[in-house]
Amino acid sequence: MGSYKNDEKPSNTETELQPPVEVPLDMLSPETLQALIESYILREGTDYGANEVALETKLKQVRTQLDKKRIKIAFDPNTESVTLITADEWRKLQAHV
């Protein structure tokens, strides 16, 4: 038996936060990757200046950045969520681990 009362495990507030984990691009199905990129684009609401950029163009731009490793797929075990972050943001996170 564990040392927790009634075998209850501590919540995230009682445990140490875990660092994000990089998800390799090839671990996701094409459909999941497409949905992740679309979610990122819609959530970010990036300003593209005076000219509106079509969703297809944005999708291609983000996919290119993923392929060139300028953006990484990060899984946050604390929130059990996945997001895209820049390689610079990833390096900063890793420096604090």
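The values are calculated or read from the model by the stated rules, or taken from the named source; none is laboratory data. Keep in mind the model is a prediction, meaning the values are calculated, not measured. Neighbour counts run over all protein chains shown; Cβ positions are idealised from the backbone, glycine included.
For the stretch 59-76, the set of residues classified as closer than 18 Å to THR32 by Cβ and not hydrophobic (A, V, I, L, M, F, W, C) consists of LYS60, ARG63, GLN65, ASP67, LYS72, ASP76, listed by residue number.
This table checks each residue for (1) modelled with pLDDT of 95 or more; (2) closer than 27 Å to HIS96 by Cα; (3) not β-branched (Val, Ile, Thr).
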site: LEU42; (1), (2), (3): no, no, yes
site: TYR48; (1), (2), (3): no, no, yes
site: VAL53; (1), (2), (3): no, no, no
site: GLN65; (1), (2), (3): yes, yes, yes
site: ASN78; (1), (2), (3): no, yes, yes
site: THR83; (1), (2), (3): no, yes, no
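Scanning the stretch 51-88 for residues that are assigned to a helix (DSSP H, G or I), in contact (Cβ under 8 Å) with a residue 12 or more places away in the chain and exposed (fewer than 15 other Cβ atoms within 10 Å of the Cβ) yields LEU55, ASP67, ALA87.
Take the conditions among the charged types (D, E, K, R), assigned to a helix (DSSP H, G or I) and over 16 Å from the mean Cα position of the chain (by Cα) and apply them to LYS92. Does it pass? Spell out the reasoning first.
Values: among the charged types (D, E, K, R): yes; assigned to a helix (DSSP H, G or I): yes; over 16 Å from the mean Cα position of the chain (by Cα): no.
Taking the combined requirement at face value, the residue does not satisfy it.
All conditions in (1) assigned to a loop (DSSP other than H, G, I, E, B); (2) surrounded by 14 or more Cβ atoms within 10 Å (Cβ to Cβ); (3) not hydrophobic (A, V, I, L, M, F, W, C) hold for GLU16, with the sole exception of (2).
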